[in-house]
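To keep things clear, I will list the structure first and then write my remarks on it.
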Amino acid sequence: MQSDFRAGHGCTSATLKVLSDILTAIDKKQHCAAVFIDLAKAFDSVNHHILIGRLDSLRFSNDCLAWFTNYFSDRVQCVKSEGLLSGPLAVSMWVPQGSILGPTLFSVYINDVALAAGESLIHLYTDDTILYTSGPSLDTVLTTLQASFNAIQLSFRGLQLLLNTSKTKCMLFNRSLPAPARLSNITTLDGSDLEYVDNYKYLGVWLD
């Protein structure tokens, strides 16, 4: 589910939805686990050709597609260092993060990622993604979360978006329930184990 840039939805509603799901699991005395996904240079990694294809799949008119194609065409960037300016370099991947269109286009770009969540729940707010699930068995919860996380990573890779592994964290809620001394690791497709944390700041709210 996405909450950004939709009428009646925003940062507050996104946070409340996630908190409601977590508190419901705690009230049911269920285990609940989450992966907070951080993407490396997300806005700078948007492939223009893939994005135009996404807009086309959403049945944007040919005139709109032509406008966006022109919007992304012939963009260059330069680097200035110590008074020296580099030559222009063509830019084929990127959406303008500080613009009005940039965040909205990014949301369109990643919208279908949610379809890969499987049995887990997912919430996307621009480039902040939380994947979470709950149940009576911690082993089952972590197994389900791992399967969903694998599918989400593949979906992001298909969009040429890569994880920032060092900033992608795993967290358990309702830690008053019995748990093994050594938890099963949630791992990336590259084989890196995610760090378990006791708290995490999600959309400006500390979860613990």
Mean separation of Cα contacts under 8 Å (at least 6 apart) over the residue count of the stretch 106-149, i.e. the relative contact order in percent, is 34
Net charge near Ser92 (other residues with Cβ under 14 Å of its Cβ; Lys, Arg +1; Asp, Glu -1) is -1
Residue list for the stretch 24-59, given a label point 7 angstrom along the Cα-to-Cβ vector of Arg75 and an amide N cut-off under 18 Å: 40-56
Students often forget the sequence filter, so: which lysines lie under 18 Å Cα-Cα from Lys28 once same-chain residues fewer than 8 apart are removed? Lys17
For the stretch 146-165 versus the stretch 186-201, the gap between their alpha-carbon centres in whole angstrom: 13
What ranking do 146-152, 188-194, 76-82 get when scored by the average of other Cβ atoms within 10 Å per residue, highest first? 146-152, 188-194, 76-82
Mean separation of Cα contacts under 8 Å, 6 or more apart, over the residue count of the chain: relative contact order %: 30
For the pair Ser86 and Leu115, what calculated FRET efficiency results from E = 1/(1 + (r/R0)^6), where r is the Cβ-Cβ distance and R0 = 35 Å, to the nearest 0.05? 0.30
Can you tell me the relative contact order of the stretch 48-92? Whole percent, Cα pairs under 8 Å, sequence separation 6 or more. 31
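Excluding Pro136 itself, what net charge comes from residues whose Cβ is under 10 Å from its Cβ, given Lys and Arg +1 and Asp and Glu -1?
+2
Laboratory data are not the source of any read-out in this text; all were calculated from the coordinates shown. These numbers were taken from a predicted model, which means no experiment stands behind them. Counting neighbours? That spans all protein chains shown, and the Cβs are built from the backbone with ideal geometry, glycine included.
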